[in-house]
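Trainee: Next up is a structure, given as structure tokens.
The values are calculated or read from the model by the stated rules, or taken from the named source; none is laboratory data. Since this is a predicted model, take the numbers as computed values, not measurements. Heads up, the Cβs are rebuilt from the backbone with ideal geometry, glycines too, and the neighbour counts pull from every protein chain shown.
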Amino acid sequence: MKTRILGKTGWTISEIGLGCWQLGNDFGPVEERQALAVLEAAMEQGINFFDTADVYGAGLSEERIGRWLASSSSKQKIATKVGRDAALYPDGYTKEKVKQSLQASAKRFGVDVINLAQLHCVPRDVLFAGDILAWMEDLQKEGVIEHFGASVEMLDEAKFCCQSDKLASLQMLFNVFRQDAVEEVFPLVEQQNIGVIVRLPLASGLLTGKMHHGYQFSEQDHRSYNKDGAAFHVGETFNGIPFDTGVDLVSELSAKLTANQNVLDVALRWILDQPQVSTIIAGASQSSQVIRNAQASELPALDGELHAMLKRFYQTKVRQHIRGGI
């Protein structure tokens, strides 16, 4: 597993991380033994960066990570998120409530200080008011958190967050079906030494190449109930692309690859070819998926011709289908 530096934290982290939304049973039931096996497999693959949130399973994901940390001798960097629980969202944000939420997360982890706390896609008006970023700076000074970052949905939100001198990381939607950050945001993060944490690297599974028309998801899975943005931002599910359209686009892209290439490997390697990216947080409900994702770190860089094709494909075939803005 290759490593990279995560922005202002200075941490050396695995370039493939583990997204832990699924450990809250938000994609369907994951038994305790299975959850711990996923965490253990990640450690065995050299993954040392885990990302979760207080609302994943109403704290279950954090609790499971906490139990695993208590039984493991490995030193992991744990990032969580704050700002979407009912005490705060959508209009109850105060510095004291943010602090209380973070302290509750620390308790679930069994730690005194949270490694990295990220604002969790807070409402645009709350973010752009600027106070919440100042609160995070204060909580860092108070020792509640080591570092803070922001998880955002839109590029203008990312650019706004880059104005914070203390911001350590940005968590963003970024993949071969959502490329605009390369030109819009990456020059800023490079200038400000902000680490980029990539979420939805496979567009909610579309870019695994395994999905097909009529594919059925569990009722608890956001890919079932949020496919058209009924529960939260439409861009968080299938990249904002209508599912059937996404399946067709992946099939068309696959046909452009050579016989020894597959969409999943190309999608992950394309992200890692961006030097501003610190880590990819790929979710996994099975140990085998963890191992499969980790292998992307060993792949060679894509050649210039393939990069050019992927850029053209995005601009001419994909971008027009993204709902919810970019």
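Trainee: Cβ-Cβ distance below 8 Å, separation of 6 or more or different chains: which pairs start in the range 30-48 with a residue that is free of Cβ contacts under 8 Å to residues at least 60 places away in the same chain and end on one that is part of a loop (DSSP other than H, G, I, E, B) and surrounded by 20 or more Cβ atoms within 10 Å (Cβ to Cβ)?
Mentor: Met43/Gln76; Asn48/Gln76
Trainee: Taking the conditions exactly as written (touching a strand residue (DSSP E or B) at 6+ places or on another chain (Cβ under 8 Å), touching a residue at least 12 places away in the same chain (Cβ under 8 Å) and not basic (Lys, Arg)), does Ala104 satisfy them or not?
Mentor: No, not satisfied.
Trainee: What single numbered condition from (1) within 23 Å of Ala86 (Cα to Cα); (2) part of a loop (DSSP other than H, G, I, E, B); (3) hydrophobic (A, V, I, L, M, F, W, C) fails to hold for Leu167?
Mentor: Unmet for Leu167, out of (1) within 23 Å of Ala86 (Cα to Cα); (2) part of a loop (DSSP other than H, G, I, E, B); (3) hydrophobic (A, V, I, L, M, F, W, C): (1).
Trainee: Could you list, in sequence order, the residues of the range 2-33 that are closer than 18 Å to Gly195 by Cα and in contact with a helix residue (DSSP H, G or I) (Cβ under 6 Å, 6 or more places away or on another chain)?
Mentor: Once the filter is applied, which keeps residues that are closer than 18 Å to Gly195 by Cα and in contact with a helix residue (DSSP H, G or I) (Cβ under 6 Å, 6 or more places away or on another chain), the range 2-33 yields Lys2, Glu15, Ile16, Leu18.
Per-residue answers, yes or no, for (1) modelled with pLDDT under 95; (2) within 30 Å of Phe217 (Cβ to Cβ); (3) in contact with a Lys or Arg (Cβ under 8 Å, 6 or more places away or on another chain); (4) of a type in the set (D, E, K, R):
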| position | (1), (2), (3), (4) |
| --- | --- |
| Lys8 | no, no, yes, yes |
| Thr12 | no, no, yes, no |
| Glu15 | no, yes, yes, yes |
| Leu18 | no, yes, no, no |
| Gln22 | yes, yes, no, no |
| Gly28 | yes, yes, no, no |
| Leu39 | no, yes, yes, no |
| Gly46 | no, no, no, no |
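Trainee: I want to confirm something. Restricting to the range 281-321 and keeping residues that are out of contact with any strand residue (DSSP E or B) (no Cβ under 7 Å at 6 or more places or on another chain), modelled with pLDDT of 95 or more and not in a helix (DSSP H, G or I), which single residue is surrounded by the fewest Cβ atoms within 10 Å (Cβ to Cβ)?
Mentor: Within the range 281-321, the match that is surrounded by the fewest Cβ atoms within 10 Å (Cβ to Cβ) is Pro300.
Trainee: Next up: Checking Asp228 against (1) within 21 Å of Glu153 (Cα to Cα); (2) buried (at least 17 other Cβ atoms within 10 Å of the Cβ); (3) charged (D, E, K, R); (4) out of contact with any Gly (no Cβ under 6 Å at 6 or more places or on another chain): exactly one of these is not met. Which one?
Mentor: (2)
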